[in-house]
Amino acid sequence: MTIAIDFDGTIVTHAYPEIGKPIPFAIEALKMLQSVDHHQLILWSCREGELLQQAVDYCHERGLDFYAVNSNYPEESMLDAQQPQMAFTPRKLKADLFIDDRNLGGIPDWGVIYRMIHEGKPFQPFNAEPPKRKENLLQRLFNRE
């Protein structure tokens, strides 16, 4: 599976343009998704240029290297660098799964994220019960035991 992962707020806390503090177990979970489950990881960030390189270096220094960065495959970035006038790298990735702190409902902790992907189970953030309806007068009269 191809998984696109945001950087700021997902791997590290928000401190843009600086690099925030590490979010617990983010790097470890991502490394396990690569080594144990053999998923392809793409760093998917709004960072560009030197700021993007800082994010890539941050992850690399912690043993996490990505299949591609802000592209569907590594060659897209190389083609853009070699022929900038013909750049065509799409900003829309062909990933099977996106991990981003701006997800509806926020982002669960990385232990939950890893288990969801590893076990192929959906996230169940809460067990909501439908609201109880008030009985009307007739229901109250006839539902007495």
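A few remarks follow.
- Filter result (assigned to a loop (DSSP other than H, G, I, E, B) and either surrounded by 15 or more Cβ atoms within 10 Å (Cβ to Cβ) or free of Cβ contacts under 8 Å to residues at least 12 places away in the same chain (or both)) within region 1-11: 6, 7, 9, 10, 11
- Within region 31-68, the residues that satisfy the criterion of being surrounded by fewer than 19 Cβ atoms within 10 Å (Cβ to Cβ) and small (Gly, Ala, Ser) are 35, 49, 63.
- Residues being within 18 Å of residue 95 (Cα to Cα) and in a loop (DSSP other than H, G, I, E, B) - total across region 12-31: 0
- Among the helices (runs of 4 or more DSSP H) confined to region 39-145, the ones with at least 1 residues that are at pLDDT below 70 and not charged (D, E, K, R) are located at 74-82.
- Summed over region 12-30, residues that are surrounded by 14 or more Cβ atoms within 10 Å (Cβ to Cβ), over 14 Å from residue 58 (Cβ atoms) and not acidic (Asp, Glu) total 2.
The values are calculated or read from the model by the stated rules, or taken from the named source; none is laboratory data. These figures come from a predicted structure and were not determined experimentally. Note that each Cβ is placed from the backbone with ideal geometry, even for glycine, and that neighbours are counted across all protein chains shown.
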